[in-house]
Structure formats: structure tokens, C-alpha cells
Amino acid sequence: MRAILFAMAAATLLGANPAFAHVGSPDVFYEGDAGPYHLFVTVIVPQVIPGVADVEIRAQSDDVRGISTAVTRLTGPGSNYAPVPDIAKRSRVDPQMFSSSLWLMEYGSLRLLLKVNGARGVADMSVPVPSAARRMLPMPRWLGAILLVLAIGLAIGAISIVGAAARESSLDPGTTLTPEARRRGRRAMAVTAVIVATVFYFAFLWWDADASSYAAVTQLFKPPKLSLTLTGGNRLDIKPSSSDQAWLKYKVMEQLVPDHGHLMHLFLLRTPGLDRLWHLHPDKTAGAAFEDNLPPIEAGHYYAFADVVDQSGFPWTLVGSIDLPKISGAPLTGDDSIGSATPIVQSSDAEMNLLADGTRVLWKHDATPLRANSPMLLHFVVQDKDGGPAHDLKPYMGMAAHAEIVASDLTVFAHIHPSGSVPMAALMMASADTEKASSAMMPAMSNMENAPAESVSPEISMPYGFPKPGRYRIFFQFKRSGRIETAVFDAHVN
């Protein structure tokens with residue numbers, strides 16, 4: 001019975017849905033160029049590690065002949081040594097769609113390597129993939145029973161073989177067994193039984209320790225808890241919760257790299273209406289702590305999502321909540337922004353959002369109902385007050401736009417961009433050929449606010465896939481005429 005319990009230990013250690021780069025939205029969506037080829041890449045991350053990731057690649061053009069896929073670490077030892085690649089299969093129905101299956105063998109920051117062969121030559125692409133278990137799969141009772149029977153059979157077989165060898169190996173064929181030979185066989189079987197029992201005992205101890213270690217690691221990939229404290233009237237102190245020991249021991253918050261020019265992107269979302277979203281960028285203080293001098297904020301209960309990227313390129317989202325009084329802070333500055341809307345229970349699935357200055361934002365999608373677990377492009381169009389294309393858009397933190405997607409029950413939070421769900425910091429690491437090149441990119445990431453203010457097209461698309469059915473709110477953020485604007489849309493996903 002003990003063996004069965006050990007065999008099934010994995011089933012009872014995890015009950016929660018872990019999350020990493022986002023909350024409740026673990027799959028990777030990326031749109032970009034591999035040389036002359038424009039690709040839309042989806043990586044369905046396995047629920048357990050080691051596990052098989054399903055990769056789908058859609059080519060924009062029909063001149064792609066073949067695509068190969070492989071996985072390496074994003075940084076560090078082994079990042080420059082890819083295994084033998086797998087050849088992606090071309091769809092018989094859609095010749096521009098390719099699919100592949102790859103083993104993710106370890107936790108942490110990995111990257112998907114694509115090699116594209118087509119009429120315009122050979123090109124490469126790297127896509128960061130955060131690898132972490134989302135659950136522990138249960139072992140069926142029947143399988144545990146079979147394993148127990150097999151283990152007992154092997155033990156009995158080993159004891160019998162050793163006993164027979166001790167009794168008869170030195171006897172001539174046809175010789176009758178002597179009492180001494182029988183005693184020698186019994187002694188050998190007894191010693192072997194003790195050895196087998198000892199092996200089983202230490203094997204059970206190892207299984208216990210390994211299962212506990214696995215559970216502890218997986219606890220790390222649940223949304224880490226965030227501690228929020230209001231001091232001095234409008235200063236928000238932010239740090240990992242002292243109750244989250246599994247997170248604290250890794251000291252991730254002390255080893256961060258900037259993403260979109262900031263070490264932390266803090267989203268304060270007023271609940272239950274989801275009618276206010278503050279996108280803030282706290283300053284790092286000593287150790288793992290951050291602080292932010294809050295702007296004017298209305299009173300309410302706020303749920304917090306804090307996005308950070310560690311030095312390996314792994315993205316994290318910490319979660320917490322706080323009750324805030326009405327705060328009279330300084331006006332918004334820099335990249336900080338606010339999004340306002342009616343409470344989600346009063347909203348509709350309108351496809352046009354009219355902003356206070358007359359800017360019109362359209363969310364263009366066909367009449368087909370939105371479906372969960374279906375990769376898509378969220379396509380937005382920004383217009384001036386007369387309905388013409390807005391030609392005065394500028395990058396917002398190095399991107400054409402940002403979007404925050406939140407499920408009405410707060411079980412899903414995703415911060416995405418026109419390139420997809422991949423953080424820019426990790427993307428730059430994935431594109432670097434060496435660790436030296438990756439390190440050289442760090443100053444560039446921290447100074448993104450000084451990037452050239454090139455114009456942005458009024459039509460902006462973002463790849464994403466809603467992870468489950470339900471009601472969602474989308475905060476679409478962009479910069480126009482030097483102002484950061486936020487359009488809000490709601491969606492029902494089947």
C-alpha cells in the first residue's frame with residue numbers, strides 16, 4: 001500500500017494553476033519577421049515539465065518551403081548549442097500553416113529556434129518561451145497497482161535467483177541437494193531480501209524527496225504574492241510578501257532587467273467593476289523593494305499585477321491587493337497612464353470607443369464568436385475626431401501600443417504588444433547570438449525612452465489567444481500628440 005501511495009504522490013502535491021509571464025495565460029504568441037518572411041508563432045506550453053510543447057507557425061506569404069524547429073536555453077551554458085532540429089509539418093489544408101512538437105525538458109527561460117527555408121533564401125528567428133509546470137498530472141490507481149505488482153514480482157524474482165544460485169551453482173548436474181546447500185540458499189535469500197527491502201526503503205525516501213522538491217519548485221511558478229503598503233498619504237511601498245517563502249528564497253526581485261525601459265510595470269485595477277486601470281512604473285529601492293508616489297486615485301479596492309523580468313529573461317507577474325482611500329497625488333508624468341470605463345457589468349461588446357478628446361478607436365473583428373484557445377490577431381484602428389486615420393501616433397515605451405487583457409474574475413491577466421506576449425527584454429536576449437551580445441543590449445533596454453520617435457501606423461494588430469471562456473476587458477494603450485490614451489473594450493469568449 002505504501003508503494004501505491006508513493007507512486008501516486010505526484011497527484012496530491014499540486015492543486016493550483018501556476019502562472020508566470022502572465023496570470024492564467026501561459027501560452028506564447030509572437031508575430032515578427034524571420035528575414036524576409038513574416039510569421040505568426042504560437043507555442044502551447046505543456047502542463048508538466050518535462051513535457052511536449054505544440055508549435056504552430058503561420059507564414060504570411062506562400063513562398064515558404066519548409067521550417068525546422070529546436071529548443072535551447074535562452075541564456076547561459078547551452079544557449080548556443082541547439083539539438084538536432086525537428087521538421088515542422090506543412091498543413092494539407094492550409095499550405096501556409098506549419099506545426100511541430102518539441103520537448104521542453106527543464107524549467108526556466110528557453111527559446112524556440114526557427115529556421116525558415118523559402119524562395120527568398122534561408123532565415124532564422126528566436127522566440128523566448130518561459131518553461132514551467134502548470135500542474136502535476138495524477139497517476140491512475142490502476143497504474144499504481146500495476147507498478148506495485150511489477151515491483152513485487154521483480155523483488156521476488158531477484159530473491160529467488162540469488163537463492164537458487166547459492167544452492168545449486170556449485171553442484172554437479174543431477175546431484176541431490178544437501179541440507180547444507182538448502183541452508184546456504186535460505187541464507188542468501190534472507191540477505192538478498194534485506195538488501196531488496198533496503199533498496200526499496202531508500203527508493204521511497206528518494207521518491208518522497210523528489211516529489212517534495214518538484215512541488216516546491218512548482219509553487220514558485222504560482223503567481224508570487226505582493227505586499228502593498230500605503231505610507232505618507234500617497235507613497236505606495238511594494239515588495240514580495242513575506243508569507244511567500246518559495247518565492248523569496250530565489251531573490252528574483254534583486255536580479256531584474258529593464259523591460260520597455262522600466263524594471264517594473266505595476267497595474268492597479270479597481271474591483272469589482274474593473275472601471276479604472278493605473279499603469280505605473282515604480283522606482284526600485286533597497287533590496288527587493290519598490291516605491292511609487294501615486295497620482296490622484298479614486299478610493300476603492302484595487303487588485304495589483306506587477307510585471308518584472310529576471311536576469312535570465314524569465315517574466316514574472318506578482319499579484320496582490322490593497323484598499324486605497326482617495327489620494328491627492330501629483331499629476332501623471334512620463335510613461336504612467338490611466339484607463340477609465342464604465343463597470344464591466346454595465347458594458348457591452350461595442351467595437352468603437354470614443355475618447356474624451358474625440359479620438360475614435362475601433363476594434364475590428366468579424367461577426368464570428370470569439371473562442372477560447374484559438375490564436376488570433378486583435379486588430380485596432382485609431383481615428384481622429386472626423387473618422388480619418390490618426391497620423392500623429394508615436395511609440396509608447398518602444399512599442400506601437402500596449403494592451404492589458406483581464407478576465408472579469410481576475411483569473412487571467414496578460415500584458416501584450418504588437419509583437420505578442422513576449423517581453424521585449426527576453427526577445428532581445430533571444431535574438432542575441434552570444435551572452436556578450438545579450439549583455440551589450442542591457443543599456444539599450446534601459447534607455448528605450450530615448451529611442452527615435454518614429455511615426456506609428458493607425459492600424460495596430462496584436463497576436464493573442466484567450467485561454468478560457470468568459471468575459472474579458474481589454475485596455476488598449478497608445479500615444480497620440482504626446483498624450484497616452486487608453487481605449488477600453490469588452491469581449492465575451494465562448
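The values are calculated or read from the model by the stated rules, or taken from the named source; none is laboratory data. The model shown is predicted, which means the values in this text are computed figures rather than measured ones. Here the Cβ positions follow ideal geometry from the backbone for every residue, glycine too, while neighbour counts run over all protein chains shown. Areas reflect the complete protein model, heavy atoms only, side chains present, ligands, DNA and RNA absent. Shrake-Rupley method; radii C 1.70, N 1.55, O 1.52, S 1.80 Å.
Scan region 408-419 residue by residue and report those that are over 21 Å from PHE40 (Cβ atoms) and buried (at least 23 other Cβ atoms within 10 Å of the Cβ).
Residues satisfying the conditions do not exist here.
Being aliphatic (A, V, I, L, M), under 29 Å from PHE305 (Cβ atoms) and assigned to a strand (DSSP E or B): is that true of VAL41 here? Give the derivation first.
On the way: aliphatic (A, V, I, L, M): yes; under 29 Å from PHE305 (Cβ atoms): yes; assigned to a strand (DSSP E or B): yes.
Yes; evaluated as a whole, the condition is true for this residue.
In region 83-98, what count of residues is obtained for those that are surrounded by 16 or more Cβ atoms within 10 Å (Cβ to Cβ) and either of a type in the set (Gly, Ala, Ser) or farther than 20 Å from VAL41 by Cα (or both)?
Of all residues in region 83-98, those surrounded by 16 or more Cβ atoms within 10 Å (Cβ to Cβ) come to 85-86, 88, 90, 96-98.
Still in the list and also either of a type in the set (Gly, Ala, Ser) or farther than 20 Å from VAL41 by Cα (or both): 88.
Summing the residues that are surrounded by 16 or more Cβ atoms within 10 Å (Cβ to Cβ) and either of a type in the set (Gly, Ala, Ser) or farther than 20 Å from VAL41 by Cα (or both) in region 83-98 gives 1.
Kindly provide the set of residues from region 29-83 that are among the basic types (Lys, Arg) and in contact with a Gly (Cβ under 8 Å, 6 or more places away or on another chain), ordered by number. Steps first, answer last, please.
Filtering region 29-83 for residues among the basic types (Lys, Arg) gives 58, 65, 73.
Passing the criteria: ARG65, ARG73.
Within region 334-375, considering only strands (runs of 3 or more DSSP E) that don't extend past its boundaries, which have at least 1 residues that are touching a Ser or Thr at 6+ places or on another chain (Cβ under 7 Å) and surrounded by fewer than 17 Cβ atoms within 10 Å (Cβ to Cβ)? I'd like the intermediate steps shown before the answer.
Working: elements: 337-340, 352-354, 360-364.
Passing ranges: none, list empty.
Okay, residues lined up against (1) outside any loop (DSSP other than H, G, I, E, B); (2) more than 26 Å from THR411 (Cβ to Cβ); (3) open to solvent by 40 Å² or more (accessible area, probe 1.4 Å); (4) free of Cβ contacts under 8 Å to residues at least 60 places away in the same chain:
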{"position": "TYR30", "(1), (2), (3), (4)": "yes, no, no, no"}
{"position": "ALA53", "(1), (2), (3), (4)": "yes, no, no, no"}
{"position": "ASP62", "(1), (2), (3), (4)": "no, yes, yes, yes"}
{"position": "SER68", "(1), (2), (3), (4)": "yes, yes, no, yes"}
{"position": "THR72", "(1), (2), (3), (4)": "yes, yes, no, yes"}
{"position": "TYR81", "(1), (2), (3), (4)": "no, yes, yes, yes"}
{"position": "TRP103", "(1), (2), (3), (4)": "yes, yes, yes, yes"}
{"position": "ALA123", "(1), (2), (3), (4)": "yes, yes, no, no"}
